[in-house]
Amino acid sequence: MMDYRNTAGWLSNRLPQKPESAIILGTGLSDMAEAFPLIMTIPYTDIPGFVNSTAPSHKGNLILAEMAGKAVLFLQGRFHFYEGHSMEQVVFPTRVLAAMGVKNLIVTNAAGSLRKELPPGSIVQLIDHINFMGRNPLVGHNDEDLGERFPSLNQLYDPQHRELCDQIALRHGINTFKGVYLAVSGPSLETKAECAAFAMWGADLVGMSTVPEVIAARHAGLRVLAYSIVTNYSNLFHEEAHSQDEIRHHAAIAGKQLQTILSDFIALQD
Ligand code: HPA
């Protein structure tokens, strides 16, 4: 395994500007990176230590773009545990960001809904999560350069950043929700019984990503903000399997609104 510090140095030498914020783009949200003036694109395949993303509609590029007058790094595609990558590989890009001096991490994903009140197309700000992946990315030797052995995950999703985004959404008349995200390893989808259990535990959304990255980000002292786009009702509410086309359709529409919120949020960062 490559050292994340070497990759951070490699990237810092190539990028013409130093980004303060990074945005991980989830399933169906890749296009957001292309909505802003491009500064530089680096394919993941060129980046030492990055594995290649095999997930559908994940493009696999690191993109530096100018968003609201600031240089922002977009991770167009992420590495999932279900692809067979180790947790260390899944969180490697997050650690690279931390070592590059990135301060704010914004994480996005596509998720299934466990609540009738959160239909497909909903934009949901994460207020907390349940790690049901059966793994924690911090297991193993603790790298003291990154953070402490037992990091607190209290208020993991930054309350100030959340509040700021609520105000922005209100100003634009964009309806957003709040929810608890439960992460499963996948790749099989949840059974009806699992969905019923998750909903009873207090989860509102279910997905196969995000939790490893936000844990690694908090460990490394980054401020975290995260949004899910609901792409489908979970198994709890329907009998047929949902299609990948349906997932992409909802992600594209809500993705545009999320882009508006995040762009204003970036504009307000110093
Ligand atoms: N379950 C798990 N992951 C998902 C779903 C789902 O229903 N939708 C999008 N990602």
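The values are calculated or read from the model by the stated rules, or taken from the named source; none is laboratory data. Bear in mind the structure is a predicted one, so any value in this text is a computation, not a measurement. Backbone-built Cβ (ideal geometry, glycine too); neighbour counts: all protein chains shown. The protein model used for the area step is the full one, side chains on, heavy atoms only, and it has no ligands, DNA or RNA in it. Shrake-Rupley method; radii C 1.70, N 1.55, O 1.52, S 1.80 Å.
Computed values, structure above
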| item | result |
| --- | --- |
| Ser113, sole failed condition from (1) open to solvent by less than 10 Å² (accessible area, probe 1.4 Å); (2) among the polar types (S, T, N, Q); (3) within 19 Å of Pro43 (Cβ to Cβ) | (3) |
| Some residue of segment 88-96 being hydroxyl-bearing (Ser, Thr, Tyr), within 16 Å of Ser21 (Cα to Cα), surrounded by 24 or more Cβ atoms within 10 Å (Cβ to Cβ) and touching a residue at least 12 places away in the same chain (Cβ under 8 Å) | yes |
| Boolean, Gly101 is surrounded by fewer than 22 Cβ atoms within 10 Å (Cβ to Cβ) and modelled with pLDDT of 95 or more | yes |
| Within segment 165-270, strands (runs of 3 or more DSSP E) holding 2 or more residues that are within 19 Å of the chain's Cα centre (by Cα) and β-branched (Val, Ile, Thr) | 223-233 |
| Qualifying residue in segment 121-128 (condition: away from the ligand (no atom under 16 Å from the Cβ), in contact (Cβ under 8 Å) with a residue 12 or more places away in the chain, open to solvent by less than 40 Å² (accessible area, probe 1.4 Å) and touching a Pro at 6+ places or on another chain (Cβ under 7 Å)) | no |
| Test: residue in segment 187-206 that is more than 25 Å from Val90 (Cβ to Cβ), of a type in the set (D, E, K, R), loosely packed, with under 14 Cβ neighbours inside 10 Å and in contact (Cβ under 8 Å) with a residue 40 or more places away in the chain | yes |
| Failed criterion for Met67 (all others in (1) over 27 Å from Lys178 (Cβ atoms); (2) of a type in the set (A, V, I, L, M, F, W, C); (3) open to solvent by less than 50 Å² (accessible area, probe 1.4 Å) hold) | (1) |
